[in-house]
Every structure is written in C-alpha cells, then in structure tokens.
Amino acid sequence: MAEGTITVELYGPERDPVRFEVHEAVFPGGGGVFTVQPGHTSLLTTLLAGVVILRTREGDDQYFAISDGFAEVRDDHVRVLSSVFESGQDVDVARAEAARERAESRLRKPDEDLDLARAEMAIHRALARIQASKRQDY
Amino acid sequence: MPSLNDIKRRITSVKSTQKITRAMKMVAASKLRRAQQAITRTRPYAYNLRSLVSSVAARADEVDHPLLRSARGEGKIGIVVVTSDRGLCGGFNATIVHRVLECIKHDFPKREVELTIVGRKGLEALRRRHCTIRASFTGASDKPAIRAAAEVIDDIVADFMGGGTDEVYCLYNEFKSAVQQNVTLEQMLPVVPEPHEGDGLPLDYIYEPGQEAVFGELLVRHMHVQMHRILLESAASEYGARMTAMDSATRNAGDVIDRLTLQYNRARQDAITTQLIEVVSGAEAL
C-alpha cells in the first residue's frame, strides 16, 4: 500500500470549502468510478452526480453526495468543483426521497414541456444523496 | 413665516419618512448579511474554477476552443452592465452608468459598443442616453440564482460564437465591504487564461472522458459560475449601498426634525410672548 496521504478539497457555490487529509478517495468520474491513492498521476476529469468516499487509515470514512462537476488530481492534491456537495450525515433523507419521487413521477407522465435531461439529473442527485446518507456507494 | 400648524405638519411628514428609511435600512442590513455570505462562499469555487481553466489552457496549446480564440481587434465590443432592479441605493447605479458612458467614449472610442443590461435601473438610464442595447434582463438582481446567470451568459456566449461581438467585457460593482463597492471592468470573452504560477513545467493531465470534452464542459461551467459570481457580487454591493444610503437618509431626517422642532418652539414662544404683551398692554390701558 502506498504511503502518505492525499489532500482532498471540495468546492461548491454558496458553500464553505472543506478540506480533508485522507489516504484514499473514491470519485464518480465521467468515465467511471475511480479511486485516488497517493502518487496518482495527474488527471482532469468530469464528475457525475454520485457519492464521494474519503477513507482514512483509521477507518472513519466520510461520504459526500455531489452533483456534476470536475476533479483535478495533481501532486497528491485533489480539487473537486461541484455545483452541489453535501455530507452524508447532513442529508435530509425524507427530502431526498421526496425529490426522487417527484422526478420519477414527472418521468412517468411526460408532457411536452418536460425536460428529460433535467428530470434524470434530479433523480441521480436524489439517489446520490440517499446513498451517501446510508454510507453506501452509488 | 410658516404658521405653527405648518411646521407641525412638516415634522410629522419628515418623521414618517424617517420611519420608512429606517425600516429600509434594517431590511437592507439583513439582506446584506445573507448576500455577503453567498458571495464569500462562492468566491473560492469561482476562483478555483478559473485557475483550473487557466492551467488547462496554458498547458494544452493544441486545444482550440472558440471561446479562447484571440480577439481580432475589430468589430463590435459587448459590455455586460450589471445594475439593480430597484433604486434608493445611493450612487450604486449612477456610478455604473457613468462608467459605461466613459467606457464607450474613452476606452473604445473607435469601436461600436453594444450593451447587454442586467437590472431595470441600468436599462432605464441607458435607454434615455441612446446607447445601443442588444439585450436586457430584469428581475434577477434580488437573489441571483445560477439559472438566472445561465440565461444571461448563454445569450452572450451565443452572440459571441455567432460573431456578433469580438470582445465582451463586464462592468459591475465588486463587493468590498458594506460601505465600499468597486466598479470593476472585467474581460469575459474571449477567455483569457491567467498567467499561471508554479514551476512552469509543462504537466500533462490524463483527461477523462477526453481533452476536448472535458475542456468544453469546463469552459461552459466556468462562464456560468463567473456570471453567477458577478451577479452575487452586485447583489451584495447593492444591499451595502442601500444600507449606507438609507442610514445617511435616516440621519439627515433626524437633523431636519431637530431643526424644525427648534423652529416650532421658537414660533410657539413668539406667539406666547405676543399674547402676553397684548394682555399686559391691554391691562395697562384700563
């Protein structure tokens, strides 16, 4: 196992940035889920709505629900820029479930001014938040 | 010399105005607190996004994106003017409007300038001054959402891509503190990468899903977020300006009330003195 730690910073609009020192982090990349460990090569990727898992050696993992965005990996430093991020502990599960219900029912009964892509995004976001709150991968 | 009743009426009227300005100050102060929080939290996100765009643009010479192509130095100039929808905020809108006219005259004297205006106040003022207005957006200045910003910027980007404008600048009030706003002129398009700090060693990223796709998306996001940031800056500045303006208005009203009260008391004293003299001289005559 690689030694050392990586620094992960999460940025989002209207939200205070957060910063963690972890030894492994999992991201929902645009080309599939990927894991970053110390010594990772430089990478710039899109992110999809999903769950970010930050693992420390002590085993107290952190789960974050994020919306679409970008991640830059460079010199054991990860910058995550996402339009929404939320810690799993802070997720209001009832609200997330309600949001999923709403988006799903909109998809079931499509009318002409339905924005398919937006409804799907809403479902992904809601699912990510629910999963993060259960500390599960998405 | 106004009569006692006239003065009294004026005092009442100034007092009720003072109540209004005081209430507006309170409202502006509480809105300012929220707006200030929004902008200070959004800045790191926006700046990091910009530095990411810059570092990619600086490293990858081969990326050829229409938003990055250098200006031709001819053709129309676009200026995005960010003002407020509502007035009573001191010189907030006036300074911007003044700067726009200055810009047209001095910064780009030989170019045709087209304005895109955010906010009702700027629209009204600049329409009166016969500027070329390409588009205008109102109703977003109170609590700017990312979608309002997207609407504005998508329109500007579409115009730029279509060759309507050669360069686009943005003129807005940058939020410094509750009592200080800086009128800032910023180039939006074409996107100019910041001179990039660090070791200067060319570092190549792996791009997922692909360089062009990532960079394209990154640029679009960057534009949206910058516009959103600008709208938030302007909103926070607006509340700051309004709070200061209403504060001094309340204080002025207090001064006016003091002066009128003095005048009122003098007039009352005069009236009493005259009456006394009349009574005394009447008694003496008997």
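Annotations
- Some residue of region B:29-46 being assigned by TED's automatic domain parsing to the domain that holds B:L231 and under 29 Å from B:G163 (Cα atoms): yes
- Counting only strands (runs of 3 or more DSSP E) that sit completely within region A:1-103, those holding 2 or more residues that are within 14 Å of chain B (Cβ to nearest Cβ) and among the β-branched types (V, I, T) correspond to A:6-11, A:32-36, A:43-47, A:77-82.
- Selection of region B:33-45 for residues being out of contact with any Phe, Trp or Tyr (no Cβ under 9 Å at 6 or more places or on another chain) and touching a residue at least 24 places away in the same chain (Cβ under 8 Å) yields B:A38, B:T42, B:R43.
- Inclusion of B:L189 among residues that are in contact with a helix residue (DSSP H, G or I) (Cβ under 8 Å, 6 or more places away or on another chain), away from chain A (no Cβ under 14 Å) and closer than 21 Å to B:A57 by Cα is warranted.
- Figure legend. Inter-residue proximity from region B:265-286: first residues surrounded by 11 or more Cβ atoms within 10 Å (Cβ to Cβ), second residues outside any helix (DSSP H, G or I) and not aliphatic (A, V, I, L, M), beta-carbon distance below 8 Å, spacing 6+ or different chains. Indicated pairs: B:A267/B:P2; B:A267/B:S3.
- Going through (1) surrounded by fewer than 16 Cβ atoms within 10 Å (Cβ to Cβ); (2) among the small types (G, A, S); (3) not in a loop (DSSP other than H, G, I, E, B) one by one, B:G87 falls short only on (3).
- Those strands (runs of 3 or more DSSP E) lying entirely in region B:133-235 with at least 2 residues exposed (fewer than 15 other Cβ atoms within 10 Å of the Cβ): B:167-177, B:180-189
- Some residue of region A:73-88 being at pLDDT below 85, among the small types (G, A, S) and in contact with a Lys or Arg (Cβ under 8 Å, 6 or more places away or on another chain): yes
- Residue match in region A:83-103 (condition: more than 17 Å from A:H23 (Cα to Cα), polar (S, T, N, Q), touching a residue at least 24 places away in the same chain (Cβ under 8 Å) and surrounded by 14 or more Cβ atoms within 10 Å (Cβ to Cβ)): yes
The values are calculated or read from the model by the stated rules, or taken from the named source; none is laboratory data. Given the structure is predicted, the values throughout are model-derived calculations rather than measurements. Reconstructed Cβ throughout: ideal geometry from the backbone, glycine too, with neighbour counts over all protein chains shown.
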